[in-house]
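Right, one structure below, let's go through it.
The values are calculated or read from the model by the stated rules, or taken from the named source; none is laboratory data. Quick caveat: nothing in here was measured; it's all calculated off a predicted structure. Please note: Cβ atoms are built from the backbone with ideal geometry, for glycine as well, and neighbour counts cover all protein chains shown.
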Amino acid sequence: MPIFLECQRCTACCRWPGQVLLNDAEITRLAAFKGLSESDFIQQFAKLRPDRRGLALQEQPDGACIFLEGGNCAVQPVKPQKCREFPNLWGFPGMEKVCRAIPREVTEAEYARRIELLKASGSHQ
């Protein structure tokens with residue numbers, strides 16, 4: 001049976017090193033949510049990726065996501081796809097040591113349903 005990881009919003013993923021890549025639709029949603037023009041949003045919260053093939057979110061000086069405020073995501077309702085997919089569609093060594101998601105055995109059908117919910121709604125249900 002597949003294991004679905006139920007996010008506990010511990011914010012460990014928000015502190016994990018790496019880039020949160022942004023597509024055009026995400027920039028539009030994030031800018032609107034912050035009450036900014038897309039240009040102003042990009043200037044304040046995005047950076048050019050090292051490969052120069054797009055934009056990624058900036059980080060705070062300690063490496064945390066620019067939108068991590070205390071223990072909460074400041075853009076939770078419109079967070080980027082990469083964030084919505086964590087932890088179920090990410091896989092990296094050491095994840096289980098930092099992420100507090102609760103593993104649940106589910107049927108194949110239930111796993112597929114939950115993954116589709118993550119992709120479609122941005123919730124971790």
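Side notes on the structure shown:
- Of the residues in region 78-89, at least one is in contact with a Phe, Trp or Tyr (Cβ under 8 Å, 6 or more places away or on another chain), surrounded by 12 or more Cβ atoms within 10 Å (Cβ to Cβ) and at pLDDT 90 or above.
- Residue among 33, 67, 41 that is farther than 25 Å from residue 10 by Cβ, modelled with pLDDT of 95 or more and surrounded by 13 or more Cβ atoms within 10 Å (Cβ to Cβ): 41
- Residues satisfying the criterion are absent from region 85-94 (criterion: acidic (Asp, Glu) and touching a residue at least 60 places away in the same chain (Cβ under 8 Å)).
- Answer from 58, 44 - the residue that is polar (S, T, N, Q) and either under 18 Å from residue 92 (Cβ atoms) or in contact with a strand residue (DSSP E or B) (Cβ under 6 Å, 6 or more places away or on another chain) (or both): 58
- Qualifying positions in region 3-27 - farther than 15 Å from residue 90 by Cα and touching a helix residue (DSSP H, G or I) at 6+ places or on another chain (Cβ under 6 Å): 27
- Hey, residue 120 exposed (fewer than 13 other Cβ atoms within 10 Å of the Cβ), within 15 Å of the chain's Cα centre (by Cα) and either of a type in the set (S, T, N, Q) or not in a loop (DSSP other than H, G, I, E, B) (or both) or not: yes
- Count of region 44-58 residues which are modelled with pLDDT of 95 or more and either more than 18 Å from residue 82 (Cα to Cα) or under 16 Å from the mean Cα position of the chain (by Cα) (or both): 7
- Residue that is modelled with the highest pLDDT, among those in region 5-28 that are surrounded by fewer than 16 Cβ atoms within 10 Å (Cβ to Cβ) and on the phi > 0 side of the Ramachandran plot: 9
- Yes/no for residue 58 being under 30 Å from residue 109 (Cβ atoms), touching a residue at least 12 places away in the same chain (Cβ under 8 Å) and among the polar types (S, T, N, Q): no
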